[in-house]
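Novice: Before I ask anything, here is the structure I am working with.
None of the figures in this text is laboratory data; all of them are computed from the coordinates on show. What you see is a predicted model, and the numbers here were worked out from it, not measured in a lab. Every residue, glycine as well, gets a Cβ built from its backbone with ideal geometry; the counts of neighbours run over all protein chains shown.
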Amino acid sequence: MDNPGSVPTKNFRHQGGRRSRQQKQPIPPQYGYGQGPQFYEDTTNIYPNLQFQGEPPGPGWNNQAFGQPSFPGQQILGDPMAAMAMQYGQTLAGQGKVIVNEKLEKFVSMSKLKYYFAVDTAYVVKKLGLLFFPFTHSDWSVHYNQEEPVAPRYDINAPDLYIPSMAFVTYILTAGYLLGTQNKFSPEQLGIHASSALVWLVIELSITLFALYVLNIGNSLKVLDLTAFCSYKYVCMIAAVLASLVFSSPGYFAVLCYCSLSLDFFLLRTLRVSLLSQSTSDHYGRGSRRSLYLLLFLCAVQPFIMYWLTHHLILGTGVQSNVME
């Protein structure tokens, strides 16, 4: 017979084909089964997936003993009204996301933006060669497929944003390295160079777009096309500052002059197809002349911007930028 004050049990389990009585364990007195020693059944073997945590179960135990902690607001989440409110909130969030995507699509189309990054390794190598050696290239027209320009990977003359974006990041890192060799590096300098390069790019694009609108120059260029053409200068800037590491300031000026000449030739031959060919219908050819003046202006400002953004990185030039002090 069981000890007095114990809880009788009738549960059995199989162990090796034999039925054995469960081991009884004492129940602490705070569970109120009496003053004497109490016992309860060990059910960890009957329910192997349930593991007790903390004190053994007794009157008033909750799901936390079985590894299912309760938390404040659990009853609120089970309320049908709360479930309807959550579903309504999710619906509003989905509608808001659709509206935001539609608004962004009006200003920057993701499908159009992907076109400028549709490049491969062969295109990048050929494009870099064209930027540095454009004098031997003959066909400068952009090819079209069903009234849409083909992807840059299939046409070396198509503008892209992959090379400008990578060149921009490389220019910032190269500037930080050169400043480090001069003991002038600080994390703030990277932000200063990045913001300065972006500001000059925005100014250049703004002036170009304003001139196209005021002069009423017909063209087939898009804003992203102009951004790509105006950003190819970063490739030449990197070449100039890297040359200064080997040949000091003479190498910097020599490479800068050559890259300025090659970049201007590249822009003249590339943009001439988009600007001058769209302006020949104007009376007495005035539109063609305005387009030519704008094209010459774009080519003329490239060397000055390249010099302004790189001259303070070169030792021995005799000029130091105020922002570097």
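Novice: Under 1.5 on a/c is rounded, so check that first for the stretch 117-223, then, if it is not, pick prolate when a/b is larger than b/c and oblate when it is not; a ≥ b ≥ c are the square roots of the alpha carbon gyration tensor eigenvalues.
Specialist: On the way: a/c = 2.60, a/b = 1.47, b/c = 1.77.
Oblate.
Novice: What's the extension gain from VAL202 to PHE304 if we count 0.36 nm per residue and subtract their Cα-Cα distance? Let's see the in-between values first.
Specialist: Numbers: separation 102, 0.36 × 102 = 36.72 nm, distance 1.54 nm.
Taking VAL202 through PHE304 to full extension adds about 35.2 nm, to one decimal.
Novice: Now a separate question. Once you sort the root eigenvalues of the Cα gyration tensor of the stretch 189-270 as a ≥ b ≥ c, which label holds: rounded (a/c under 1.5), prolate (a/b larger than b/c) or oblate (the other case)?
Specialist: Working: a/c = 3.11, a/b = 1.68, b/c = 1.86.
Cα axes put the stretch 189-270 in the oblate bin.
Novice: Starting from the 7 Å offset along Cα-to-Cβ, what nm value, one decimal, do you get for the label separation of PHE132 and LEU268?
Specialist: A separation of 2.2 nm, rounded to one decimal place.
Novice: To continue, here is another question. Report the full-extension gain for the segment LYS112 to ASN216: residue separation times 0.36 nm, less the Cα-Cα distance, to one decimal in nm. Mind dumping the intermediate values first?
Specialist: Details: separation 104, 0.36 × 104 = 37.44 nm, distance 2.52 nm.
Here the answer is 34.9 nm.
Novice: Additional query: Simple spin-label model, 7 Å along Cα-to-Cβ: GLN90 to ASP139 in nm?
Specialist: 5.5
Novice: Ranked highest first by average number of other Cβ atoms within 10 Å, how do 263-269, 157-163 line up? Let's see the in-between values first.
Specialist: Numbers: 263-269: 18.9, 157-163: 21.1.
Going from most to least packed, we get 157-163, 263-269.
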